[in-house]
Amino acid sequence: MAMDSTVKVVLGSIAFAIFWVLAVFPAVPFLPIGRTAGSLLGAMLMVIFRVITPDQAYAAIDLPILGLLFGTMVVSVYLERADMFLYLGKLLSWKCRGPKDLLCRISLISAISSAFFTNDTSCVILTEFVLKIARQQNLPPHPFLLALATSANIGSSATPIGNPQNLVIAVQSKISFGRFLVGILPAMLVGICVNSLVLLGMYWKLLSVQKDVEDAATEVVPEEDVVSHRFSPATMSHLTSLSSEELNSIVESRNPFSSPNGNQNTGHAQSLRNRTNYGENEIKKASSGEFESGRDSSASKEASNEGFSEKKDEPAISRRFPSVNELTNITNSVQSPEEKEDATSRRKRVLWKTCVYLVTLGMLISLLMGLNMSWSAITAALALVVLDFKDARPSLEKVSYSLLIFFCGMFITVDGFNKTGVPSNLWEFVEPYAQINRLGGVAVLAAVILVLSNLASNVPTVLLLGARVAASAAAISPAYEKKAWLILAWVSTVAGNLSLLGSAANLIVCEQARRAPLLGYNLSFWKHLKFGVPSTLIVTAIGLFLIN
């Protein structure tokens, strides 16, 4: 592609440079306006500098990608409300067998949840769980935080809905959800295992420190501590009732057959106590007035016939106490409205959660069947809104609209930079060395993607290189075109593990851990880099041989 006029090339490069600086360093001292405002500023400058026209700027916004991103975020919000991530958090501590087992669990759960609910969402929800468990076990948090962040990135590479760059690739390449999953899943599974092994090897001694015998004998994490920041168990309300001792003392004091020197009637009192204990759970919920009145009237009848045998008195005793069925009816009649309402609310809650999981499963099945990904996600999101049967504003407010706006500005900025001709000319220089049908060409292509993903971030890299890499591979064969898209998805995603700034998921884990109340931990840039460089290079290289 020929270069545009010198003025447009310079001005377009300046606009893109401003966008890049604010996207990578959102708190830059001379203009600390953040990523979202930075992307809008870059887009506005592209139009003001006349690199692109306003109509071209609007056309550059990819609505299917925005729709898919919006739909998956809404579904993730409702899954969080339905305690999906709470259950995932519980798996981290369930019958855990030590630090190494915990690290492997974190890696696996983080990868699976990221593949279907995006890596950013998984990191936001699971970071505090991981930090709390590590603190309670007196373990250094950083190996587990690294496992969470890096596994989330690797796991998100397996599906089109795992991360934003995969959304772009799936829409532009028109690769179905199922083919995308089958093509990258083997690389993802092996990558998670390798990443975990590198973590275990690097921190083996740190994770081998044994706790005291007393601590080892206790449960790894009390359930109420793990979930205390999101969930508190419901408590049942109980009626005020008499204890068994109080009932027995009242029975003996009011029984006419129990006298200080009358042992012959002990059998009656004992029989009376036995019957009281038999129906204790039912009687104590009945009103004391009904109980005492029934007992006094029966006692007066018993006193008038004290000369009769014990056998003849049995019917009188049985008449003094209601039957079990009668007691059950009394219990139901005196059940408090709060208890009935609480039970009804729990049933509705279980039914609603079941519907959320079924709708999400239906969305995944629709994606696997090859239906339109954007409309499948939006349909699932709206179905959850309707099933919730309440004002959706609180749930919709949790959607990251700033991310959607960031994408709009980024689409316009990248499209304007592409029209200057600079990216095309750079690719023409590299293309002869990056042919995908040669092992050396794959290595060069992966290196270019790796470097650009850490310099310009992964989504802009995909937007800049995607169409060019695919066109170069299609010239060889259609099968290579699909492989080129999958390699771009794999390398641009795993590249986020190289440094702390390489992925939004890394920054989310770092910020969530630092701001956690009473548990704050600062995951430094160098601690991440020390592990990120070898892990990224090894995992990326192995995955390239497994992508189909």
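The values are calculated or read from the model by the stated rules, or taken from the named source; none is laboratory data. Quantities reported herein were computed from a predicted structural model and do not represent experimental measurements. All Cβ positions, even for glycine, are placed from backbone atoms using ideal geometry, and neighbour counts span all protein chains on display. Quick note on the areas: whole protein, heavy atoms, side chains included, nothing else; ligands and nucleic acids left out. Shrake-Rupley method; radii C 1.70, N 1.55, O 1.52, S 1.80 Å.
Close Cβ contacts (under 7 Å, 6 or more residues apart or on different chains) running from residues in segment 29-49 that are under 17 Å from Asn418 (Cβ atoms) to residues that are assigned to a loop (DSSP other than H, G, I, E, B) and not acidic (Asp, Glu) comprise Met46/Ile52. Quick check on my filter: what residues within segment 510-548 are in a loop (DSSP other than H, G, I, E, B) and small (Gly, Ala, Ser)? If the condition is that a residue be in a loop (DSSP other than H, G, I, E, B) and small (Gly, Ala, Ser), then Ala516, Gly520, Ser524 are the ones that fit.
Residue-wise test of (1) at pLDDT below 50; (2) part of a loop (DSSP other than H, G, I, E, B); (3) surrounded by 14 or more Cβ atoms within 10 Å (Cβ to Cβ); (4) within 20 Å of the chain's Cα centre (by Cα).
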position	(1), (2), (3), (4)
Val171	no, no, yes, no
Gly191	no, no, yes, no
Leu200	no, no, yes, no
His238	yes, yes, no, no
Leu247	yes, no, yes, no
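Can you find a residue that is surrounded by 15 or more Cβ atoms within 10 Å (Cβ to Cβ) and assigned to a loop (DSSP other than H, G, I, E, B) anywhere in segment 379-392? Yes, that holds for at least one residue.
Scanning segment 80-135 for residues that are outside any helix (DSSP H, G or I) and either among the hydroxyl-bearing types (Ser, Thr, Tyr) or open to solvent by 10 Å² or more (accessible area, probe 1.4 Å) (or both) turns up Asp83, Trp94, Lys95, Cys96, Arg97, Gly98, Thr118. The residues in segment 411-433 that are surrounded by fewer than 19 Cβ atoms within 10 Å (Cβ to Cβ) and in a loop (DSSP other than H, G, I, E, B) can be counted, and the count is 1. Only residues that are β-branched (Val, Ile, Thr) and assigned to a helix (DSSP H, G or I) were counted across segment 463-489, and they come to 2.
Applying the criterion of being open to solvent by less than 20 Å² (accessible area, probe 1.4 Å) and not in a helix (DSSP H, G or I) to the residues of segment 500-509, the residue that is nearest to Leu185 (Cα to Cα) is Ser503.
Quick one: would you say Ile61 is among the aliphatic types (A, V, I, L, M), without any contact (Cβ under 8 Å) to a residue 12 or more places away in the chain and surrounded by fewer than 23 Cβ atoms within 10 Å (Cβ to Cβ)? It would help to see each step written out before you state the result.
Values: among the aliphatic types (A, V, I, L, M): yes; without any contact (Cβ under 8 Å) to a residue 12 or more places away in the chain: no; surrounded by fewer than 23 Cβ atoms within 10 Å (Cβ to Cβ): yes.
Against the criterion (among the aliphatic types (A, V, I, L, M), without any contact (Cβ under 8 Å) to a residue 12 or more places away in the chain and surrounded by fewer than 23 Cβ atoms within 10 Å (Cβ to Cβ)), Ile61 does not qualify.
Val51 falls short on exactly one of the conditions (1) open to solvent by 50 Å² or more (accessible area, probe 1.4 Å); (2) at pLDDT 90 or above, and that condition is (1). The requirement of being more than 36 Å from the chain's Cα centre (by Cα) and modelled with pLDDT under 90 is satisfied by Pro423. Selection over segment 13-24 of residues that are open to solvent by 50 Å² or more (accessible area, probe 1.4 Å) and touching a Gly at 6+ places or on another chain (Cβ under 9 Å) gives a count of 2. Among the residues of segment 434-480 satisfying the criterion of being in contact (Cβ under 8 Å) with a residue 60 or more places away in the chain and over 21 Å from Ala541 (Cβ atoms), which is surrounded by the most Cβ atoms within 10 Å (Cβ to Cβ)? Taking the candidates together, the pick is Pro460.
Tell me which of these Ala479 doesn't satisfy, since it passes every other one: (1) over 15 Å from Asn548 (Cβ atoms); (2) modelled with pLDDT under 90. Failing condition for Ala479: (1). Return the pairs, sorted by first residue and then second, in which the second residue is open to solvent by less than 100 Å² (accessible area, probe 1.4 Å), the first residue lies in segment 340-361 and is more than 19 Å from Ser113 (Cβ to Cβ), the beta carbons are less than 6 Å apart, and the residues are 6+ apart or on different chains. Pairs that qualify, where the first residue is more than 19 Å from Ser113 (Cβ to Cβ) and the partner is open to solvent by less than 100 Å² (accessible area, probe 1.4 Å), are Cys355/Leu387. Here is the figure for segment 1-12: residues that are open to solvent by 40 Å² or more (accessible area, probe 1.4 Å) and either touching a residue at least 40 places away in the same chain (Cβ under 8 Å) or not in a helix (DSSP H, G or I) (or both) total 7. Applying a threshold of 8 Å to beta carbon distances and a minimum spacing of six or more residues, or different chains, the list of pairs starting in segment 404-433 at a residue that is within 19 Å of Leu445 (Cα to Cα) and ending at one that is of a type in the set (Lys, Arg) and in a helix (DSSP H, G or I) reads Pro423/Arg468; Ser424/Arg468; Trp427/Arg468; Glu431/Arg468. In summary, Gly370 fulfils each of the numbered conditions (1) open to solvent by less than 40 Å² (accessible area, probe 1.4 Å); (2) outside any helix (DSSP H, G or I); (3) within 30 Å of Ser472 (Cα to Cα) with the single exception of condition (1).
Remark: pairs (first residue in segment 377-403, closer than 15 Å to Ala82 by Cα; second residue open to solvent by 40 Å² or more (accessible area, probe 1.4 Å) and aliphatic (A, V, I, L, M); Cβ separation under 9 Å; 6+ apart in sequence or on different chains) = Val385/Leu396; Ala392/Val386.
Looking across segment 390-405, the residues that are of a type in the set (Ser, Thr, Tyr) and under 18 Å from the mean Cα position of the chain (by Cα) come down to Ser395, Ser400. For segment 23-71, a residue qualifies if it is assigned to a helix (DSSP H, G or I) and among the acidic types (Asp, Glu), and exactly one does: Asp55.
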